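Have a look at the structure below, then the notes.
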């Protein structure tokens, strides 16, 4: 026996013309509810205006700086610049090392340690309020923390913070790194960096932006030149000590030479004592000379190794004000609410027809 043919459900052919006719028909149906559409538009415009009015105003502080490092030049630096034009990154060849290698500067300025130090710096001239205190007040975090930490504060010069204070500072740091603070390299072939800080308080945004650069600059300069700086301090201390001893030996040798002129030739021991003091003076003089040479050489090397961070553009008041524009927000709400209401009418119509 022949098997019965399988029956498949009928699927109409796709027609762009029919699809357009259906959409025009839906539009005509929606336009029948003109009064309700006008009411939706008025309500949406009002909600958009209220939303733009309630949206918090923020201020953006922008700072641009450039890093000049003596070790970043040379053939390796030229090769790195040439390779970057073809999409290759050769920052490790002949370029800066350590904290200045590649994009380490960007990660350094995002470290929680530097952000915490900046937040605990004074906001006012008297030093009674820290940047963290002002941030909490500007973002109304004190109301959110009322049950957990009522009347919490972050003193400027305090060395010991409680576990709760450290936890809340960590929370503030996460909020700042979540989009309120950012650093980017304006050009991969250049050493220009741009820092942007967006906060609800104008002065807070300016102070946080400039002090973050100061904290980062001091940190990586001390890190990069720490070994040479310690060597200079050690040689300086040694040169000062030898200089003091040499001065005493010089006075002693001079006094011994003066006494030798009036001495009876029979006293040979006194003459030998004068010779010993003169010899000690010459030895110390030679050691002092070599120490001073090494000290000056170390100072020259330290000056060559110390990178320079130059501020190109710094934030000045008044800062850029970020606020939602009423026409654009109202238009967005009108389009959105009208589309949702039209979709509701069309879906209701199809359900009633079915």
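Given the options 119, 82, 114, 90, name the one that is at pLDDT below 90 and touching a helix residue (DSSP H, G or I) at 6+ places or on another chain (Cβ under 7 Å). Spell out the reasoning first.
Values: 119 fails: at pLDDT below 90; 82 fails: touching a helix residue (DSSP H, G or I) at 6+ places or on another chain (Cβ under 7 Å); 114 fails: at pLDDT below 90.
The conditions single out 90.
Quick check on my filter: what residues within the stretch 177-194 are touching a helix residue (DSSP H, G or I) at 6+ places or on another chain (Cβ under 6 Å) and in a strand (DSSP E or B)?
Step one: filter the stretch 177-194 for residues touching a helix residue (DSSP H, G or I) at 6+ places or on another chain (Cβ under 6 Å), giving 183, 188-189.
Residue satisfying the conditions is 183 alone.
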Would you be able to say whether some residue in the stretch 180-201 is touching a strand residue (DSSP E or B) at 6+ places or on another chain (Cβ under 8 Å), buried (at least 18 other Cβ atoms within 10 Å of the Cβ) and free of Cβ contacts under 8 Å to residues at least 24 places away in the same chain? yes
Within the stretch 205-219, take every residue that is crowded, with 21+ Cβ neighbours inside 10 Å and in contact with a helix residue (DSSP H, G or I) (Cβ under 8 Å, 6 or more places away or on another chain) and give me the one that is modelled with the lowest pLDDT. 216
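Of the residues in the stretch 149-169, how many are in contact with a helix residue (DSSP H, G or I) (Cβ under 7 Å, 6 or more places away or on another chain) and either exposed (fewer than 15 other Cβ atoms within 10 Å of the Cβ) or assigned to a loop (DSSP other than H, G, I, E, B) (or both)?
Of all residues in the stretch 149-169, those in contact with a helix residue (DSSP H, G or I) (Cβ under 7 Å, 6 or more places away or on another chain) come to 149, 152-154, 169.
Remaining after also requiring either exposed (fewer than 15 other Cβ atoms within 10 Å of the Cβ) or assigned to a loop (DSSP other than H, G, I, E, B) (or both): 149, 152-154.
Selection size over the stretch 149-169: 4.
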Given the criteria within 30 Å of residue 291 (Cα to Cα), assigned by TED's automatic domain parsing to the domain that holds residue 289, surrounded by 13 or more Cβ atoms within 10 Å (Cβ to Cβ) and at pLDDT below 90, does residue 244 qualify? no
Looking at the stretch 274-321 only, could you name the residues that are at pLDDT 85 or above, crowded, with 16+ Cβ neighbours inside 10 Å and not in a helix (DSSP H, G or I)? 315, 319
Given (1) part of a helix (DSSP H, G or I); (2) surrounded by 11 or more Cβ atoms within 10 Å (Cβ to Cβ), residue 143 misses just (2)
The lone condition residue 174 fails out of (1) touching a helix residue (DSSP H, G or I) at 6+ places or on another chain (Cβ under 9 Å); (2) part of a helix (DSSP H, G or I); (3) surrounded by 14 or more Cβ atoms within 10 Å (Cβ to Cβ); (4) free of Cβ contacts under 8 Å to residues at least 12 places away in the same chain is (3)
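The values are calculated or read from the model by the stated rules, or taken from the named source; none is laboratory data. Predicted, not measured: the structure shown is a model, and the values here were computed from it. When we count neighbours, we look across all protein chains shown, and the Cβ atoms used for this are built from the backbone with ideal geometry, even at glycine.
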